[in-house]
Amino acid sequence: MATTLMRNTAPKEHPGRYYGFMSAVAACAIAGAVAVTAFGGEPQSGWFGVPFAFWLTAGLALVAEFRPARWGGLWMSPIASIYLVYVLATMVTWGFLPALVVQSGAIYLLCMQIHASAWRTVFNIAQQGTALCVAWLVWNAVAAGSAWEGTIAQLLAVFAAGTAWTLTSSALVAGRQALRIGGGWPDLFWQWLRSEWALRATQIAIAPILATAAMASWWLVAASAIPIFAVYRILQAAADREREAEHDPLTGLLNRKGFQQAVDAKLTDAAETGTAVAVLILDLDRFADVNSALGHEVGDQLLVELAHRFDADKPKGKAIARLGGDEFAFMWSELDGMTDPMECAREIRARLDAPIVLGDASVEVDGSVGIAVFPDDGSDFQTLFRHADIAMYESKQRASSFARYAPEFDHNSPERLLLLGDVRRTLDHPDSPGVNLYYQPQVRLADGEVIGAEALLRYHHPERGIVNPAEIIETAEHSSVMRMLTERVVDIALRQLRSWNESGYDLRMAVNVSVRDLQSPEFTDFLTERIDAYGVNAMKLQLEITESALMADPRRVVVNVQRLSDLGVGISLDDFGTGFSSMQHLRRLPVTEIKIDKSFVTTLIDDPDNAAIVSTTIDLGRALDVEVVAEGVEDEKVREQLESWGCHAGQGWHFAKPMAADAFERWMVDHRRDK
C-alpha cells in the first residue's frame with residue numbers, strides 16, 4: 001500500500017478549515033471504531049483465544065515498516081508499504097479490532113521511521129482507521145448479501161473491502177491536500193488514484209491468500225511471507241530505479257527531474273508560510289577548454305569535485321542538481337525578508353574560489369550565476385527555472401559574477417513575442433499604419449539656425465496604444481524584425497528629407513541604427529539603393545551609432561561603417577561617454593560627429609564633474625576636427641554654457657520636443673519668424 005507524507009506546515013489561508021477537517025477525520029475514526037467494535041468487530045475468539053498465527057501476522061506487518069521505500073514525485077510523497085496485505089487478512093480472519101491494532105501499530109512505526117510530527121501521525125492513523133471502518137462494513141455487507149456462496153463470496157467481499165479502503169483513504173488525503181494547497185479535490189483524488197491503482201490491486205489480491213494460510217496453520221503464514229516480501233523487494237527495486245532516474249550518474253546530485261520535484265515541494269511550503277524560495281543556475285566558464293586540453297576524464301573529475309564542494313555542509317532546505325554538461329542548479333528555501341538571495345549566489349561563488357587540483361594539474365574554475373526568487377520572479381518551477389537561466393546569460397553578457405532576473409533581460413517573454421508578432425505584421429505591409437517617426441530639431445548654438453532633425457521611432461499598437469520605443473528596440477533587436485524596422489524607418493526618414501528639401505528647407509536627417517544593421521554588409525547596399533531612389537544627397541543623412549554597438553564586434557563594424565562613410569553618409573557617435581570609449585577606435589572610425597549623452601548635459605550647471613566631462617569632450621571633438629552635438633539641452637543657462645565652450649549644436653526640450661512632421665514644419669516657420 002502507500003501512505004502519505006504530510007509536511008509539517010499549516011496552510012497560509014483558512015487554517016481553521018484545515019485543522020477542522022483533520023479533527024473531523026479523527027473524530028470519525030474514533031466513532032467508527034467504537035461503533036464497529038460494539039456491533040461485532042471485536043476479536044472473534046477473544047484476545048486470549050487469538051492463535052499464534054495472528055501474532056505472527058501482526059509481527060510481520062510491523063517488521064515490514066522498519067524499512068519503508070520512498071518513491072514517486074507526487075504532491076503526497078508516497079511511501080511504499082505492504083501492511084495493507086496483513087491488515088485485510090487480519091480483518092477477515094480475526095475481526096475489525098485486531099486489524100485496527102495491527103494497522104495503527106504499523107502506521108506509528110512508519111511515521112517514526114520518517115520522523116513525522118505528532119499531529120501528522122495522528123491524522124494518518126485516523127484517516128486509515130476511518131478507511132478500515134468502511135472496509136469492514138463493505139466486507140460484511142458483500143459477504144452477507146452475495147448471491148454466491150463459500151470461497152467466491154469471500155473473495156468478492158475481500159476485494160470490495162480493499163477497494164473501499166483504498167477509495168476512502170485516497171479521498172480523505174486528497175481532501176486534506178485540497179485545503180492545504182487550494183487545489184481541486186477531484187483532480188487531486190484522481191491524480192493519486194491513477195498512480196497507485198496497480199500497487200493497491202496487487203496487495204488486495206494477495207490478502208485472501210494470506211487469510212487462507214492464517215486459518216490453516218501459522219507456518220503457512222510464515223511461508224507466505226516470502227512471496228509477500230518479494231513484492232516488497234520489487235517495490236524497493238522500483239524505488240531505487242526511480243531514485244536513479246532522478247539523480248545524475250556522474251556526480252550523484254539530483255538531475256533536472258529530481259530538482260523540479262524538490263523545488264515544487266518547497267514552493268508549496270513557501271506559499272503556505274509566506275517565505276521565499278531562490279532558484280539559481282550556475283554555468284561554468286571555459287569548461288570546454290578543460291575537456292580539450294586535459295581530456296574528458298579530467299573534466300568529469302572536475303565536475304565530481306565541484307559536486308562534493310557544493311554538497312559539503314549543505315543546510316536544511318537546500319537542493320543541488322547537475323543539469324548536464326557544465327551547468328548546476330541550486331535551490332534555497334525558507335528565505336525570510338532578512339535574507340538577501342544574492343548571498344546564496346555569493347556562497348556558490350565562494351566554492352569556486354579555490355583552484356581544483358586534479359593529479360598534477362591545478363584548474364581555476366569560474367562561472368556565472370543567474371537567480372530567480374519565488375514569488376517575485378515566478379510562481380512555479382518552469383517560470384523560475386527559465387528566469388534564472390535568462391539571468392545567468394545576462395550575467396555572462398555583463399561579465400559579472402551573478403545577476404538576478406529582471407523583466408528587461410527577457411527578450412523572449414510571451415508578451416514580447418506577441419508584441420514582436422504585431423510589429424512584424426505591421427511591417428509586412430508597406431502602407432500599414434502603426435510605425436511612424438517624430439522629429440526633434442538640432443540647432444546650431446552660434447546663431448540659432450536649425451541644421452537638422454533626429455528621427456525618433458513611434459509605434460502605435462492597435463490595442464496598447466503608443467508603445468515605449470525602447471521596448472520595441474529591445475524586443476526586435478535580436479530578431480530579423482530589426483532589419484525590417486530599420487528599413488521602414490530609413491524609408492520614412494528619406495521620404496521626409498526629400499519633402500523638406502522640396503519645400504526649401506536645407507536640413508540633414510539623423511537616423512539611429514542598431515548593432516545588427518552595422519554588422520550586415522547588405523545594409524550598405526540597401527541604403528545606397530534607397531538614397532538613389534529618393535534622390536537625396538547622401539551627405540544630408542547622418543547615421544547615429546552607439547559606443548556599445550561599436551564595441552560589440554569592432555572589426556566587422558569598422559569595415560561596414562567605412563563603406564557607409566564612402567557613400568558620403570555622416571557617422572555620429574551617439575551617447576558618447578556612456579559606453580566603453582576607445583580612443584583608438586574613435587581615431588580609426590570615419591566619425592563626423594560626437595553626441596554627448598544628456599545624462600551629462602542636463603546637470604552640467606550644478607554638477608562640476610559633468611561640466612568637466614562635457615567641456616573636455618568638446619575640446620576632444622575640436623582636436624579631432626569632429627563636430628559635437630549636446631543632447632538634453634533643457635534651459636537657456638545650459639545652452640549659453642555650451643556655446644561658450646564652443647559646442648557646435650544642441651538638441652533638447654529647450655528648443656522643442658519631438659513632434660510629427662507637419663508639426664515640425666509649423667515649428668520651423670515660427671522659429672524662423674522669431675529668430
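The values are calculated or read from the model by the stated rules, or taken from the named source; none is laboratory data. Just so it is clear, the structure is predicted and the values come from calculations on it, not from any experiment. Don't worry about glycine lacking a Cβ; one is built from the backbone with ideal geometry, like all the others, and counts go over all protein chains shown. Heavy atoms of the whole protein, side chains included, go into the accessibility calculation; ligands, DNA and RNA do not. Shrake-Rupley method; radii C 1.70, N 1.55, O 1.52, S 1.80 Å.
Okay, here's what the table says:
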read-out: Listing of helices (runs of 4 or more DSSP H) fully contained in region 73-179 that carry 2 or more residues being modelled with pLDDT under 80, more than 28 Å from G258 (Cβ to Cβ) and open to solvent by 40 Å² or more (accessible area, probe 1.4 Å); value: 118-145
read-out: Qualifying positions in region 402-429 - over 15 Å from V467 (Cβ atoms) and at pLDDT 85 or above; value: F402, A403, R404, Y405, A406
read-out: Residue within region 304-317 that is modelled with pLDDT of 85 or more, farther than 30 Å from D360 by Cβ and not aromatic (F, W, Y) present; value: no
read-out: Scan of region 403-426 for residues that are buried (at least 18 other Cβ atoms within 10 Å of the Cβ), more than 18 Å from Y393 (Cβ to Cβ) and among the hydrophobic types (A, V, I, L, M, F, W, C), ordered by number; value: L419, L420, V423
read-out: Pairs where the first residue, in region 319-333, is at positive phi and of a type outside the set (K, R) and the second is in a strand (DSSP E or B) and surrounded by fewer than 20 Cβ atoms within 10 Å (Cβ to Cβ), C-beta under 7 Å, 6+ apart; value: none
read-out: Qualifying positions in region 284-321 - open to solvent by 70 Å² or more (accessible area, probe 1.4 Å) and outside any helix (DSSP H, G or I); value: R286, D313, K314, K316
read-out: Those strands (runs of 3 or more DSSP E) lying entirely in region 415-530 with at least 1 residues more than 20 Å from F655 (Cβ to Cβ) and free of Cβ contacts under 8 Å to residues at least 40 places away in the same chain; value: 450-461, 465-467
read-out: Count of region 378-414 residues which are among the polar types (S, T, N, Q) and not in a helix (DSSP H, G or I); value: 5
read-out: Qualifying residue in region 339-349 (condition: part of a strand (DSSP E or B) and within 26 Å of D269 (Cα to Cα)); value: no
read-out: Hits in region 381-407 (condition: within 11 Å of I371 (Cα to Cα) and basic (K, R)); value: R386, R404
read-out: Residue satisfying condition, being under 15 Å from E327 (Cα atoms), surrounded by fewer than 20 Cβ atoms within 10 Å (Cβ to Cβ) and not hydrophobic (A, V, I, L, M, F, W, C), within set D366, D340; value: D366
read-out: All positions within region 268-290 that are over 20 Å from A307 (Cβ atoms) and in contact with a Pro (Cβ under 9 Å, 6 or more places away or on another chain); value: A270, A271, E272, A276, V277
read-out: Residue in region 514-522 that is at pLDDT 90 or above and surrounded by 18 or more Cβ atoms within 10 Å (Cβ to Cβ) present; value: no
read-out: Residues being in contact with a Phe, Trp or Tyr (Cβ under 9 Å, 6 or more places away or on another chain), open to solvent by less than 30 Å² (accessible area, probe 1.4 Å) and either at pLDDT below 50 or hydroxyl-bearing (S, T, Y) (or both) - total across region 11-30; value: 1
